[in-house]
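To start, the structure itself, in structure tokens.
Rule-based calculations on the coordinates, nothing more; no lab input. Small disclaimer: the values here were computed from a predicted structure and weren't measured. In this analysis, Cβ positions are derived from the backbone assuming ideal geometry, glycine residues included, and neighbour counts consider all displayed protein chains.
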Amino acid sequence: MSIKFDIKNTGDFLSCKELEYFGPFVDRAHSMLHEKSGQGNGYLGWVDLPVNYDKEELERIKQAAEKIRSESEVFIVTGIGGSYLGSRAAIEALTHSFHNMLPSNKRNGPEIYFAGNNISSTYLADLLEVIDGKEVSINVISKSGTTIEPAITFRILKDYMEKKYGTLNAGKRIYATTDKSQGVLKKLADSKNYEYFVIPGNIGGRFSVSTAVGLLPMAVAGIDVDGLLSGAAKGYELYQKPFLDNPSYIYAAARNALYRKMKTVEIMVSYEPSLHYFTEWWKQLFGESEGKDGKGIFPAVLDFTTDLHSMGQYIQDGLRNIFETVLRVEKPGKDIKINEDVENLDKLNFLAGKTMDFVNKKALDGTMLAHQDGGVPNFLVKIPEMTPYYFGQLVYFFEKACGISGYLSGVNPFDQPGVEAYKRNMFALLGKPEYEKEKEILERRLYNNSQ
Ligand code: PA5
């Protein structure tokens, strides 16, 4: 079994002919990826990663994870963007919905918290309160080492750890995942003797889930990383097939076909709360890869049925520039039977004997048809069940689609020059010495805006 992709719910919005038209362009994009001949070709290490990863490092990851699991009640993953979302997506999708709240004898591994993904003092102060008195290990993840959110957070956490354990012993509980040879985090790791893992130079953050970036936190959470990597390897095999036999390429072409019909917003929808961070990971993957040069599909995410009660109206009836990609997990992790109620005051006895997942699936089917009727074409991604294997396959499905889709829309999918603009302004306003000139200009603009 493998992940299935279905475009039947696009109704009149997409014909086979239109899709076939993309054939030569998809073939070209495929060659650009596999022959490394396109824009951003220095960042294509992820393409072969499922069959070409560092086995020795994987063993070290597993050993480090065992050590962390045996000596920690709390594990803090510190990173942002591509250095954060993949591991969070996997951990949320593949562990208990209330992992941190389970008693330790029922929980598989330490409590896991994420930090460095914002600059909120309240968030970090609250986290420090929550972990007080517990045994802690930290994984700090940053390819550049200079990203302000994890860097500030880690400075504070490092201080906390050194005060708690002493410098030497704190160093034995801090793990760095960063560039192999350069950057301040690498220097810090060397000087403090942290065990460190490598983010390969030829893999950008948002394509790094199946490297140490994702694998160490996942292994600490008790996730079968071998299963995940074998799912990714299956994806590698499946998603290099010729266009019309390749669901990942069909997805890439189909979304571009809709974009050309002014369907400029793609909403990824899931009916499992545990997939919320998977959709967040997808949002970053496509948003950062394609939104450039004045174009790009705007990726948004919604959790159904929750958001049908907040955004359902807009999707059904608002501006008609939307299409949807729906994640359907065929076999739920757990299911609950709906009981017969003698009084039947809630009038729900017509569901007695059915399961909650049965109802969830009917909600999905009904919503897809309603949205199709309302002018919102739907793609359906069918996942047999949410296991590490299918998670790995799913990640590769979307990574490959993203590379192809970016080349189809004529952008470099592997850079992110736009992200620098806010950083420059923030550093200037914070008084970083090399931005002195900009500081004056920006402050004048802020002053004028406030008048
Ligand atoms: O995909 C990307 O490249 C970004 O999202 C980065 O992962 C993110 O900005 C974090 O960068 P770094 O790992 O250098 O701290």
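Can you give me the relative contact order of the range 294-426 as a percent, contacts being Cα pairs under 8 Å and 6 or more apart?
Relative contact order of the range 294-426: 29 percent.
Highest mean first, what order results for 392-399, 226-233, 311-318 on Cβ atoms within 10 Å?
392-399, 226-233, 311-318
Rounded to a whole number of µm²/s, how large is the Stokes-Einstein D of the range 326-451 at 20 °C and 1.002 mPa s, given Rh as the Kirkwood radius over C-alpha pairs?
D = 104 µm²/s.
Listing Val376, Val213, Val342 from the residue with the fewest other Cβ atoms within 10 Å to the one with the most, what is the order?
Val342, Val376, Val213
Cross-chain or 8 or more residues apart, Cα under 24 Å: how many lysine pairs in the range 196-294 fit that? Count them up, please.
Qualifying lysine pairs in the range 196-294: 6.
Return the long-range amide H neighbours of Thr355 (sequence gap of 5 or more, or a different chain), with a cut-off of under 5 Å between placed amide H atoms.
Ile338
Along the charge dipole of the chain, pointing to its positive end and built from +1/-1 on Cβ of Lys, Arg, Asp and Glu, which listed residue (Ser181, Val140, Thr279) has its Cα farthest out?
The residue sitting farthest along the positive end of the dipole is Ser181.
Using the Cα gyration tensor of the range 52-176, with a ≥ b ≥ c the square roots of its eigenvalues, what is the shape: rounded (a/c below 1.5), prolate (a/b larger than b/c) or oblate (neither)?
rounded
Would you please put 106-118, 354-366 in order of how densely packed they are, using the mean number of other Cβ atoms within 10 angstrom per residue and starting with the highest?
Top to bottom by mean Cβ count within 10 Å: 106-118, 354-366.
Under the Karplus relation 6.51 cos²θ - 1.76 cosθ + 1.60, θ = phi - 60°, what is the ordered set of whole-Hz ³J(HN,Hα) values for the range 215-224, x standing for Gly and Pro?
Each residue's phi maps through the Karplus curve to give 5, 5, x, 4, 5, 5, 7, x, 7, 6 Hz.
Taking amide H atoms as placed 1.01 Å from N in the peptide plane, list the residues 5 or more away in sequence, or in a different chain, whose amide H sits under 5 Å from that of Tyr175.
It is Ile138, Asn139, Val140, by chain and number.
Quickly rank 38-47, 171-180, 53-62 as a protection proxy: mean count of other C-beta atoms within 10 Å, highest first.
Packing order, densest peptide first, comes out as 171-180, 38-47, 53-62.
Alpha carbon centre of the range 422-437 versus the range 190-262: separation in Å?
Their Cα centres are 34 Å away from one another.
Sequence neighbours fewer than 8 away in the same chain don't count; with that in mind, list the aspartates and glutamates whose C-alpha is under 18 Å from Lys17.
The qualifying aspartates and glutamates are Asp6, Asp27, Asp245.
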